[in-house]
1. Compute the distance from the alpha-carbon center of the stretch 200-274 to that of the stretch 76-111, in whole Å.
2. State, to one decimal in nm, how far the label point of N345 lies from the label point of S183, with both points 7 Å from Cα in the Cβ direction.
3. Give the residue from N41, L24, L73 lying farthest towards the positive end of the charge dipole for the stretch 19-91; charges sit on Cβ (+1 for Lys and Arg, -1 for Asp and Glu) and the dipole is referred to the Cα centre.
4. How big is the stretch 150-237 in terms of Cα radius of gyration and Dmax, in angstroms?
5. Just the accessible area for K166, please: 1.4 Å probe, Å², rounded to the nearest 10?
6. Kindly provide the helix-only [θ] at 222 nm of the chain, computed as the sum of -39,500 (n - 2.57) over DSSP H runs of four or more divided by all residues, to the nearest 500 deg cm²/dmol?
7. Any idea of the accessible area per residue across the chain, 1.4 Å probe, to the nearest Å²?
8. Mean 1/r over all different Cα pairs, inverted: what Kirkwood radius does the chain give, in Å?
Amino acid sequence: MGVEWGARLLVLALVSSIAFADPLVPAFIIFGDSISDVGNNNNITTPIKANFLPYGRDFVTHSPTGRFCNGKLAVDFTAEYLGFDTYPPPYLSQEGRGGNAITGVNFASAGSGLFDLTAMTYVSFPNSCIKQTKGITCWVLTIFLVVFLQGAISLTRQLNNYREYKRSVVNTEGSKKANEIFSKGIHLLSAGTSDFVQNYYINPVLRGLYITPNRFSDQLMRSYSTFIENLYKLGARRIGVTSLPPTGCLPAAITLFGLGSNNCVERLNRDASSFNQKLNTTSQGLVARYPDLKLVVFDIYKPLVDLINKPSDSGFFEARKACCGTGMLETSLLCNARSLGTCSNDTSYVFWDGFHPSEAANEVLAQDLLEAGFSLIS
């Protein structure tokens, strides 16, 4: 307990010391999925959006931004802790384009994953159409989805957007200053949950290709290594990556895969733990290959498990159900202003919707990120 409180005090001291000073790093650049998406999906044709109430009701503007939360995300709190007075804007917004946001942008897109095809999950051909002999309506719907919906922004496309962004910063600031911004700036990646919960577990084709979750996680590690190596080649030297959360404890996962139980789905948590072990090992290998690379794995599994198992220790009282709607499943379009049962006291809930933490939980998780990430700052 003494070590934990010591770390908390160190965080508070650090935050206080930079309150009226320059940020600790020149830029904060973010990649990933819905855990970090601050509005990129608002600007693409995808059903995976959060730009409507009650999302954003507790944000600083009290309006929806595209964040999958009632308020701030963990990356927002992290930006504050690093000393920035604004949050990295979504790259696809006007504020994020053209090299204007030289202190960082956010490329994350809800529904994306380490596995690029995960981003296309919601525009894939419906299985029900295959079984229908006269499913004309279904065929028309499928054509509409394929033609007009892009799916989420895959990690490969996020990296292409990063290349474009870097060129803009070089044109605006010059090569020398731009290289310093990107080499000393912090790059954060949060991805993997969608690969399992919104793709592998519900996709029989994918499970046929990768017979076990272990084999699928091996593929994800190859994708992860390629992404980090490409980011390194583009000049990034300080990179943080978040582990998988306890996916079996997400409210929607319990509802979908818990077979009627109200307890965490242990097989999903085992898969997440196995993935996280591989993530650590793979990251150590990358650091050994590139000695000037600072690569930190942020463990969000244990902090979130602690909040779920002992919510009252951190001021929460509900960890099984989310705040939005029934709290059992609602996410994105299902979590809306007409959702019956949405709570009024979301600060007492660990989860805001079926997959995402509340602002109060995000603040706790962000403190853990900062404590683990001092090596990226120094």
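The values are calculated or read from the model by the stated rules, or taken from the named source; none is laboratory data. Remember, predicted model here, so these are calculated numbers, not experimental data. Note that each Cβ is placed from the backbone with ideal geometry, even for glycine, and that neighbours are counted across all protein chains shown. Quick note on the areas: whole protein, heavy atoms, side chains included, nothing else; ligands and nucleic acids left out. Shrake-Rupley method; radii C 1.70, N 1.55, O 1.52, S 1.80 Å.
1. 25 Å
2. For N345 paired with S183, the spin-label model returns 5.3 nm.
3. Checked the options; the winner is N41.
4. 16.5, 50
5. For K166, the solvent-accessible surface is approximately 40 Å².
6. Values: 14 runs with 161 residues, N = 378.
So the helix-based figure for the chain works out to -13000 deg cm²/dmol.
7. Values: 16740 Å² over 378 residues.
About 44 Å² of surface per residue is accessible.
8. On the way: mean 1/r = 0.0472 Å⁻¹.
Result for the chain, one decimal place: 21.2 Å.
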